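What follows is one structure encoded as structure tokens, with my remarks underneath.
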2 protein chains.
Amino acid sequence: MEFKEAKNKFVQTWGALGSQWGINKTMAQIHALLMVSNEAVSMEDIMEELQISRGNASMNLRALMDWGIVYKEYKAGERKEFFTAEKDLDELAVKISRERSKREIKPALKILKEVSTIEAKDSAEEKHFVDQTTKLYDFVLKADNMLDKMTEFNDNWLGKLVMKIMK
Amino acid sequence: MEFKEAKNKFVQTWGALGSQWGINKTMAQIHALLMVSNEAVSMEDIMEELQISRGNASMNLRALMDWGIVYKEYKAGERKEFFTAEKDLDELAVKISRERSKREIKPALKILKEVSTIEAKDSAEEKHFVDQTTKLYDFVLKADNMLDKMTEFNDNWLGKLVMKIMK
DNA sequence: AATAACTTTCAATTATTTTTGAAAGTTTAA
DNA sequence: TTAAACTTTCAAAAATAATTGAAAGTTATT
């Protein structure tokens, strides 16, 4: 396999993986492209490589910057903007976790708390509901905190994390 | 908040969370509904509660069973089928992890391996590509193995619990 | 202050995914 | 074996999400 083919395959695969996890395909592809580029890339070049429109490129670059995993760069003497991706994978994982936690998990937790604290009356049905949603709340909270804890560690985070969880 | 409202809110929230993570909304909603039901539910009742068509219910129940997180149940003297969800949350997490690993991570790893092992020639660009995709391969592999390890740990824990219950 | 070189926005279009519903399929009972 | 009670399938329709492209916006240069 030659370089160009490999690069394209990687970008396509990363895009597909992204969309399976609720991240828009183009966003994941732009990120993939920047990850494997050894220097900052212009919007023009991104449009060219991925065959996408200016608007699409602009919006998804904005989203990637909002996620904190892509940065703008300016080159001396150049009017246009260039982009680079966060290339440290631990850092990348941390930022994605944080963002998804903030945007999706935290709001869901809030609702879970609400619904799990209704007055259970005496029917078995209602008791089961309260019991199950309470367990779910605890579980999701624990899982979410685990992700937070990950950010505290650097190397051998798995081992340290297991130690911490198991006390 | 009264029970019916809470239940509905929970089902809607779980559905929204699912779709943000690449799981179809109805599938997540059916799962939510079954999770908080203290007894097996018929397809008819699922259709009624979620206001969905028979085809939709049938297909998503099939998918949930393929994921191994919803089971069919038969009631004596009843022709129709009833459904229950896996309610143990650790077990649920394990099954979802396994399934997503098998369906999405493993195939992506295969491609990552392929593209990271091309002949790097001597350009800095190609060297960076190989370096970055190799790191990514290692990272994803490590994360994926971690899920396996947790699964194993969980199995043991469950096994021990089962032994304990059975004396 | 006019123009050139860019980027952003967003209504309209296009692509993708989900859902429907009725026909076909299956199983049980009489 | 026939019919009734169910479930599954899948082409078409509907809903949702992503993308385009041109106008509006911004910033730097002359």
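Each value in this text was obtained by applying a stated rule to the coordinates, not by laboratory testing. If you're wondering where the values come from, they're calculated on a predicted model, not measured in any experiment. Here Cβ is always computed from backbone atoms with ideal geometry, including for glycine, and neighbour counts include all displayed protein chains.
With its label point defined 7 Å out from Cα along the Cα-to-Cβ axis, A:Ser123 lies at 6.8 nm from the matching points of the other copies, in increasing order. Here the simple spin-label model places points 7 Å from the Cα toward Cβ, and for A:Asn56 and B:Phe139 these points are separated by 2.5 nm. Residue-wise HN-Hα couplings along the stretch B:55-60, as the Karplus relation 6.51 cos²θ - 1.76 cosθ + 1.60 with θ = phi - 60° gives them from phi, are x, 4, 4, 4, 5, 6 Hz; Gly and Pro carry x. Potential lengthening of the chain between A:Asp90 and A:Asp122 amounts to 6.7 nm, from the contour at 0.36 nm per residue minus the alpha-carbon distance.
Counting from the shortest, the label point at B:Arg54, 7 Å from Cα toward Cβ, is 5.4 nm from the same position in each remaining copy. In this simple spin-label model, placing a label point 7 Å from the Cα along the Cα-to-Cβ direction at both A:Met1 and B:Tyr71 gives a separation of 4.2 nm. Other protein chain C-beta atoms within 10 Å of residue C-beta, averaged over B:133-140: 3.
Here the 3J(HN,Hα) profile of the stretch B:107-119, calculated from phi with Karplus coefficients 6.51, -1.76 and 1.60 at θ = phi - 60°, is x, 5, 4, 4, 5, 4, 4, 3, 6, 7, 10, 6, 5 Hz, Gly and Pro shown as x. Here the Gaussian network model covers chain A, with springs between Cα atoms less than 10 Å apart; of A:Glu44, A:Glu104, A:Glu125, A:Glu125 fluctuates the most. Seen from a random direction on average, the alpha-carbon convex hull of the stretch A:3-85 projects onto 5.4 square nanometres. The same position B:Ser19 in the other copies lies at 1.7 nm from this copy, comparing label points 7 Å beyond Cα toward the beta-carbon, shortest first. Phi-derived couplings, Karplus 6.51 cos²θ - 1.76 cosθ + 1.60 at θ = phi - 60°, listed residue by residue for the stretch B:3-14: 3, 4, 5, 4, 4, 4, 4, 4, 4, 5, 5, 5 Hz, with x used for Gly and Pro.
Across the alpha-carbon set of the protein assembly as shown, the Rg to Rh ratio works out to 1.02, Rh being the Kirkwood radius.
If the chain between A:Met146 and A:Arg79 were fully stretched, how many nm would it gain, using 0.36 nm times the residue separation less the Cα-Cα distance? List each step's numbers first, then the result.
Numbers: separation 67, 0.36 × 67 = 24.12 nm, distance 4.37 nm.
Full-extension gain reported as 19.8 nm.
Near the amide H of B:Phe83, within less than 5 Å, lie the amide hydrogens of B:Val41, B:Ser42, B:Glu73, all on another chain or at least 5 residues away, with H placed in the peptide plane. Could you please report the charge total around A:Met59, scoring K, R as +1 and D, E as -1 over all other residues with beta-carbon less than 14 angstrom from its beta-carbon? Around A:Met59, the surrounding residues sum to +2. Over 24 Å between Cα atoms, which of B:Lys9/B:Lys149; A:Lys95/A:Lys149; A:Lys7/A:Lys72 qualify? Checking Cα-Cα distances, B:Lys9/B:Lys149 exceed 24 Å. Here chain A has an Rg and Dmax of 21.1, 74 Å, counting Cα atoms alone. For the peptides A:75-83, A:15-23, the ranking by packing is A:15-23, A:75-83, with the highest mean count of neighbouring Cβ atoms within 10 Å listed first.
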